[in-house]
Each structure stands twice: as structure tokens, then as C-alpha cells.
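The values are calculated or read from the model by the stated rules, or taken from the named source; none is laboratory data. As the structure is a prediction and not an experimental result, all values here were calculated from the model. Virtual Cβ from ideal backbone geometry, glycine too; neighbours counted across all protein chains shown. These accessible areas exclude ligands, DNA and RNA; they are computed on the full protein's heavy atoms, side chains included. Shrake-Rupley method; radii C 1.70, N 1.55, O 1.52, S 1.80 Å.
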Amino acid sequence: MAAVQDPSPRNPIKPGTVNAPDFPAGLSWLNTDVPLSIRQLRGKVVLLDFWTYCCINCMHVVEDLKRLERKYSDELVVIGVHSAKFDAEKDTDRIRQAVLRHGIEHPVVNDRDMRVWQSYSVRAWPSLLLIDPRGKVFGSHSGEQVYDLFDQVIAQMIEHYDALGELRRGAVETGSETRQVPDSVLSFPGKVLADAEGDRLFIADTNHHRIVVASLDDGSVLDVIGSGMPGLADGEAREARFLRPHGMARSGDSLFVADTGNHAIRLVDLSGRSVTTIAGDGHQDTEWIGSPGPLDGRRLNSPWDLELAHGVLFVAMAGSHQIFGIDLEGGYIAVHAGSGREDHVDGPLMAAALAQPSGLATDGECLFVADSEISSVRAVSLDPRGGHVRTVVGQGLFDFGDVDGVGADVRLQHPLDVEFVDGTVYVADTYNNKIKAISVPSCRTATLAGGGLPGCNDGPSADARFNEPGGITHAGGTLYVADTNNHSIRAVDVKTGTVSAWPLRDIAQLAPRAVETTELPEAAVRPGPVAIRVCVDLPEGHVFSPDADSGIAIRCDERTFPATLRGGVAEAVLELASNQMLRIETVAYYCSDRNGACLCYRVVAMLPLRVEPKGKSEVDVRLHPLAQ
């Protein structure tokens, strides 16, 4: 298949000649109410993005696609073709979680059996194919950094086919998975870090772009670092901005944060409550893979986790498949391990190959690495002189599964984190929905907790359920797990494997800033006292949270009438003499009674009232939050 043409006045575009294969019937679709077809998209420039949600390179492409979609919203249709690498990624609901986690708004088709992949002769993730308004394959490209290339090509295609009268402008009606998802108090938490001495648990509230600090003792929220708005901004802790932060490391009152979406490392002064950037500028590094030098001016490539050892801040640089080391005192950065080639190769530090390292832990002599794309745990010597990389468990790029055992016989599935405690490496075996334990040095591996199927059940080891746990930390005989797709933190007893919920308390300060607004039909009321009764009807299987007060505030004529929701009902009595527009602000905290995430429903309902003699003395307002 021809590569995407590089357009120029001397190299005009050449229309395609091969019909683009259509999508097979019966595939599952996301972000659209009906399946799409190449035929119905005639007149549009169509861009197919072949991706799999484990792949860091695919995630980098998403941001370029969003820019193209914004620029060519009337002419371009982007369709994500999810062709899974891992077995777990074939499940439509898990793809839906990835779509939500990465803010993907274009339609996505689940190509679980690789039928679309094969029909277009795709060979690698990510691959992109352009289809012209006649339904012909125009060209293809594999790899990252696609914006500039496709921006030029699409612009010329639009000009060419518009001149021929074959371009159809206007947005294609689709849908959005976000319509069916409630706000949660935590959103896809990626990593956790325990501070036993300080009685603190730091939670990377990844999709809320902030760090939550809670008490290890009772889960009370102690602090919030970050405004909750995406961006890259230093300053006072509550106003600073992050973009999908993940791993953390702490030394005293210094908290280091892998600000993954910003390709940056941030420093939080916990005593002074301020945030500064120590490396990265918000842009992905696309060229530098190794030359050591000062931190100033260095760009990074999706730092995913951090670990402090011997005065060095080690960085799992997932985007370049390497481990970096930062000399904090000297302000110096260098590659510590990994050639930059995505592969499974043991050997000397700089000759070895890693594959999307995503989690770090240390025993003081080596780094244990969750090497996610090869479903392995690696050990990396801390000594930069003569050190080596070796494999603890796992085998290769396409060797994965769910098999306990010893060394190379062990099979994991895309693990994202590790934690070392007293001779044991605990692993967040993410796609297997399990926590596993590796004895060092025997490399014998056994499941500690999790039955394997996705879910959110507490209880004994084999009965418990996680949903893609991405982070793990330890304090006082308990593992704290960032149960990413359940938007919650879970606790695991290291001796028994028993899993329990770890609920946050005093969660009102975690309420999302975004507020839904709805217009209610006008109601006729009588003059004098009128009771406004607000009823919040929770979805089946949910209960109001005991850890936050739900309530309403009715604003009328510069007056405020507050009331607490009791049993899902709150009431306020207003004295009315003339027509009014009521602003009913409601906040409800509710949780799944199956130990799921705590959810937050915030809505402003605008209720117009018309005062007339025969009007009612009571008005009922019924609100319906979404289920998890």
C-alpha cells in the first residue's frame, strides 16, 4: 500500500485507485449510535487509526488526531480501529474504558479478530490510512508524529476534491461514551505512594489531573495538589496544573511527580505548598534518546513512574523504552538503562532493551521494573558502571498470559507497577486483574489476590475482583492498589490476600468543578409560601455516601435557601410574590453497593416559576444521576 504522499505544487496529489474495504457487519462500535460504513462516508476525507490501547506510541498519536479533528471538523472523519495486541484488549467494555481514559471522541470500532487490520494489510501499531471522498485508499503511514504530515495532505485533498464538487462538508452525527458515564470522586487513578511515617497516601488522580493526599489511618482527604484542570502551570499547590500524572517519589517534604501527559517531572514542596517543574516543557521529546546533560532545556517522553535511590531520581521513560537517572543535586540527567529499542534483551545496561517500562521499585541494589509491553518484570542494576539488566519473570514481546510458576515460565499480561517488600516483589498484573507476588531470588511467582475476571468485589483472595489495577504501594502489612478502571483505591492484606475497600472520607473537597446545567419546564405556583422539593433518584444498586453531605442550595432573588438531602429528598420553603427563575444547585455523593467508585453528581437546574392564584403550593423536582 502506498505511503501517504508528500504534497507540494510540484507533486500534486494522485487520486486513489483501490476501493477501501468496508467494515464487516457485526462489529461493536463506540462513540457512535450506529455502525459506520465507508460507503456512507463518501464525500468525506476519512482517516483510519489502527491502534491498541496498551501502546504508548498509539497514545501519542491520539493528541495529533485531536488537533486534526478540530482543524478539519467539517471535512474529516477519524475512525479508530482497535485491533488488540493483548487478549484483554479484545473486550469492548475495556476498550470503552480506554476511550474514556484518553478522551477519545471519534468513533471506534472493535476489530477484535483483526479482520479490518487484515483487509487493509496493516503490519504495525500505530498505522494510519487515508481514504479519499470517492472511497478510495489514498495512502498510509506507520508511526508517531503524524500531525504535520497529515495536515498538509488533508488540506490539499480538501482543495482538490472541493474543486471537483465531490467534497461533502458538515459534521457527521455520531455519539459519545461520556454521555453514559457519571463523574467519580477519583477518575482513573494511575499510581499510589504510601508514606507510613507521615500517615499519608498520595494518589495520582490521573484523569482529574491532580494529586490527592489522604490519611492512611482513616482515608480522610488531607490535601489536594492541582486545580483539577489540565495544563502545565507552576505555582500554589491548589492552582497548579498537571496533565494525567502517574508515578510519584518522595524525599522528606519533596514530592516528585511524573506528569506523564506533560512529558515533565514536577516537584511539589509539601511544606511550602508549591509546585515547580524540574524537567520537561509540555512537549514530547522525539529525538533525544541518550546524550547526558543538564536538566535545563531537556524534553522527556512519557515519564510513567519514579523511584529514588542513592540520591538519584530514576524515571521509567515509557515513551522511549528506557530508564533515566536524574542527579537532583547536580541538575543532571542521563540514560541509565535501555538502548531505546523496544524489545526484550538482557545484558549490559546500555545494550539491553526494554519495552514501555511503567513501574519501578528498589531493594537498594537494583531497580525492579514492570516492563509492560513484554509482560515481564526486569531487574536493573543501580550501579551505572558495569551493571546489567536481567529478566526476573516473563519472556518476550508476544509472550503473555496468566501463568504462575518460576522465571521464564511465568506469564503476566501488561503489568503496570511493582513494589518491593521484605524479599518479595508485588506486581500489579494489570490486564489479568490480579496482584501477584514474586519471591526474590527464587523468582517463584504466585497470585496473591484477584480471581482474574474484571470487577469490583471484596473478600478472600480468589473471590476478589479488580479492573485493570495500575498502581501499587505498601505500608504496615497492607498493599494499597490504584484500581484504575474502578476509580477507587483497594487494600490487600499481604499475608492473606484478602481485599477490602479503602474509601476516601471528607470527599466534598474532591467534587469536580464541572457542573451539568439543565432547564426545567415552567411551573405555576400560588403567591405566598411554596415548598420546593428536590428528589434525587439514585440508580439501582447505589447508595448515598456516608462520607460526604449531599444537599441543595436554591437561589432566588439574591437569597439562598440551603437544605440537606435526607433519604434522597431535600426541601426548602420560599415566600413568593412574583414570577421567579430559581437556580437549584444540587450535589449528591453516591456509591455502588458492590464496593465500586464513589460518584459525584453536580447539577444546576433552572426552574422558572409563574405566580398565579390557582397555582400549586408544592413543586417536585426529580433528578436522575447516572449509574457507574
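Rounded to a whole number, what % of the accessible area of the chain do carbon and sulfur atoms account for, probe 1.4 Å?
Carbon with sulfur: 47 percent of the solvent-accessible area.
For a straight C-alpha distance cut-off of 30 angstrom, the lysines reachable from Lys495 (same-chain residues fewer than eight places away being disregarded) are Lys191, Lys434, Lys436.
So if each residue of separation counts as 0.36 nm, and I subtract the Cα-Cα distance between Asn19 and Val611, what length gain in nm does that give? If you can, show how the numbers build up before the last one.
Numbers: separation 592, 0.36 × 592 = 213.12 nm, distance 6.47 nm.
206.6 nm is the gain from fully extending Asn19 to Val611.
Ranked by the mean number of other Cβ atoms within 10 Å of their residues, highest first, the peptides 218-229, 186-197 come out as 186-197, 218-229. Of the trypsin sites (Lys or Arg not before Pro) in the range 104-166, the ones in a loop by DSSP (not H, G, I, E or B) with at most 11 other beta carbons within 10 Å are Arg123.
Its DSSP H runs of at least 4 residues, each contributing -39,500 (n - 2.57), put the calculated 222 nm mean residue ellipticity of the chain at -2500 deg cm²/dmol, to the nearest 500.
What separates the Cα centres of the range 474-493 and the range 604-628 is a distance of 42 Å. Taking other residues whose beta carbon is less than 13 angstrom from the beta carbon of Pro625, and scoring Lys, Arg as +1 and Asp, Glu as -1, yields -2.
Of all GluC sites (Glu not before Pro) in the range 489-568, which ones are in loop regions per DSSP and have a Cβ with at most 15 other Cβ atoms within 10 Å? Intermediate values should be presented prior to the final figure.
On the way: sites: Glu516, Glu519, Glu522, Glu540, Glu558; in loops: Glu522, Glu540, Glu558.
Answer in residue order: Glu522, Glu540, Glu558.
Taking Cα centre as origin and charging only the Cβ of basic (Lys, Arg, +1) and acidic (Asp, Glu, -1) residues, the dipole magnitude of the range 155-240 rounds to 340 debye. Once the mean of 1/r is taken over each pair of separate Cα atoms and inverted, the range 125-203 shows a Kirkwood hydrodynamic radius of 17.6 Å.
Distance from the C-alpha centroid of the range 347-370 to that of the range 399-422: 14 Å, rounded to the whole angstrom. Look at the dipole of the range 419-552 built from charges on Cβ: of Pro521, Ala511, Val499, the Cα furthest out on the positive end belongs to Val499. Computed over neighbours whose Cβ is under 9 Å from that of Cys535, the net charge equals 0, Lys and Arg +1, Asp and Glu -1.
Using the Cβ-Cβ distance between Arg169 and Asp346 with R0 set to 51 Å, the FRET efficiency works out to roughly 0.40.
Taken about its Cα centre, the range 1-134 carries a charge dipole of roughly 280 debye when the Cβ of each Lys and Arg holds +1 and the Cβ of each Asp and Glu holds -1.
Computed about its Cα centre, the charge dipole of the chain is approximately 1440 debye, with only Lys, Arg, Asp and Glu carrying charge at their Cβ. Cross-link reach is defined here as a Cα-Cα straight distance under 17 Å, omitting same-chain residues fewer than 8 places apart; for Lys616 the aspartates and glutamates meeting it are Glu522, Glu571, Glu575.
Below 8 Å between Cα atoms, with a sequence gap of 6+, how large is the relative contact order for the range 8-146 in percent?
Numbers: 236 pairs, mean separation 51.7, N = 139.
Computed over the range 8-146, the figure is 37 percent.
Along the axis of the charge dipole computed for the range 56-143 (Cβ charges of +1 for Lys and Arg, -1 for Asp and Glu, origin at the Cα centre), the listed residues Tyr120, His82, Leu68 are led at the positive end by Tyr120. Projecting the Cα atoms of Gly190, Cys456, Asn579 onto the charge dipole of the chain, computed from C-beta unit charges around the Cα centre, puts Asn579 farthest toward the positive end.
Where a ≥ b ≥ c are the square roots of the eigenvalues of the C-alpha gyration tensor, would you call the chain rounded, which needs a/c under 1.5, or, failing that, prolate if a/b is larger than b/c, or oblate?
Numbers: a/c = 1.81, a/b = 1.16, b/c = 1.56.
Oblate, since a/c reaches 1.5 and b/c is not below a/b.
Across the chain, the relative contact order, built from alpha-carbon pairs under 8 Å that are at least six residues apart, equals 9 percent.
Let me make sure I get this right: for the range 31-99, a, b and c are the square roots of the gyration tensor eigenvalues over alpha carbons, sorted descending. Under 1.5 in a/c it's rounded, otherwise prolate if a/b > b/c, else oblate. Which is it? Write out the running numbers ahead of the final one.
Working: a/c = 2.32, a/b = 1.46, b/c = 1.59.
Taking the square roots of the gyration eigenvalues as a ≥ b ≥ c, the range 31-99 is oblate.
The range 516-595 and the range 209-282 have Cα centres spaced 35 Å apart.
Summing charges over neighbours of Ser119, with a neighbour being any other residue whose Cβ is under 12 Å away from its Cβ, gives -2 when K and R count +1 and D and E count -1. Residues Met350, Met248 ordered from highest to lowest accessible area at a 1.4 Å probe: Met350, Met248.
Number of Lys-Lys pairs in the range 64-155 with C-alpha atoms under 27 Å apart and a separation of 8 or more places or on different chains: 4.
Any idea what the relative contact order of the range 342-462 is, in percent, if you count C-alpha pairs under 8 Å spaced at least 6 apart?
Working: 329 pairs, mean separation 21.5, N = 121.
With pairs under 8 Å counted, the relative contact order is 18 percent.
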